[in-house]
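All remarks here apply to the structure that follows.
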Amino acid sequence: MATEEVGKPASLPPYPQMIVEAIDALKQKEGANKSAISKYIESKYGDLPAGHSTLLTVHLTRMKESGELVFFKNNYQMPDPTAPPRRGRGRPPKPKDPAAQGAVASPPRPRGRPKKDPNAEPAPKKPKPATAPPAVSKTGRPRGRPRKVQP
């Protein structure tokens with residue numbers, strides 16, 4: 001078996017590093033477009049992988065989304081160092097209250113019904129209140145649906 005790695009290009013720097021180097025070297029005021037960056041990388045590093053254009057597109061998109069590059073009028077440029085960092089989408093989280101962090105939280109209640117105290121005295125039984133006999137209806141019929149007549 002072969003001990004050498006087959007098909008691996010000779011030690012290229014990472015794509016983000018090559019892209020930043022290309023944008024700096026091109027020194028265009030408005031930034032550099034993708035084809036100019038690609039041509040610079042191809043001229044400087046001769047043996048590039050087969051999917052160079054795809055890799056370049058993927059890395060440019062990733063750098064644009066992470067904020068390492070700014071995409072404006074179809075050109076990529078380095079972000080202004082004095083500009084404030086971009087905020088993410090949505091509402092920012094509320095600041096944490098320092099007093100709430102220091103407080104010791106009580107242990108959570110256990111699940112289920114609490115156990116009976118074995119030392120507690122049994123509760124005295126309450127006498128049932130005397131109830132009046134149910135009132136008989138005025139018609140003399142029982143409540144509800146009449147029973148089915150057997151033929």
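Against the definition (in a loop (DSSP other than H, G, I, E, B), at pLDDT 80 or above and either buried (at least 16 other Cβ atoms within 10 Å of the Cβ) or of a type outside the set (A, V, I, L, M, F, W, C) (or both)), how does Lys29 come out, yes or no? So Lys29 fits the description; yes.
Just checking, how many residues over region 33-53 are of a type in the set (Val, Ile, Thr) and assigned to a loop (DSSP other than H, G, I, E, B)?
Initial filter on region 33-53 (of a type in the set (Val, Ile, Thr)): 37, 41.
Subset that is assigned to a loop (DSSP other than H, G, I, E, B): none.
Counting residues in region 33-53 that are of a type in the set (Val, Ile, Thr) and assigned to a loop (DSSP other than H, G, I, E, B) gives 0.
Looking only at residues in region 57-96 that are in a strand (DSSP E or B) and of a type outside the set (Val, Ile, Thr), which one is farthest from Met18 (Cα to Cα)? Outline the logic, then answer.
Applying the first criterion (in a strand (DSSP E or B)) to region 57-96 yields 70-72, 75-77.
Keeping just the survivors that are of a type outside the set (Val, Ile, Thr) gives 71-72, 75-77.
Numbers: Phe71: 17, Phe72: 20, Asn75: 16, Tyr76: 13, Gln77: 14 Å.
The qualifying residue farthest from Met18 (Cα to Cα) is Phe72.
Contact map, region 56-67: first residue on the phi < 0 side of the Ramachandran plot and touching a residue at least 12 places away in the same chain (Cβ under 8 Å), second residue in a helix (DSSP H, G or I) and among the small types (Gly, Ala, Ser), Cβ cut-off under 7 Å, separation 6 or more or different chains; pairs are Leu56/Ser38.
If I ask for residues that are in contact with an Asp or Glu (Cβ under 9 Å, 6 or more places away or on another chain) and either of a type in the set (Phe, Trp, Tyr) or surrounded by 12 or more Cβ atoms within 10 Å (Cβ to Cβ) (or both), which ones from region 45-79 would you list? Show your work before the answer.
Initially, region 45-79 is screened for residues in contact with an Asp or Glu (Cβ under 9 Å, 6 or more places away or on another chain), giving 48, 52, 62, 70, 72-73, 75, 77-79.
Listed by number, the residues that qualify are Leu48, His52, Arg62, Val70, Phe72, Asn75, Gln77, Met78, Pro79.
The values are calculated or read from the model by the stated rules, or taken from the named source; none is laboratory data. It should be emphasised that the depicted structure is a prediction, and the values quoted were computed from it without experimental measurement. Here the Cβ is made from the backbone with ideal geometry for all residues, glycine too, and neighbour counts use every protein chain on show.
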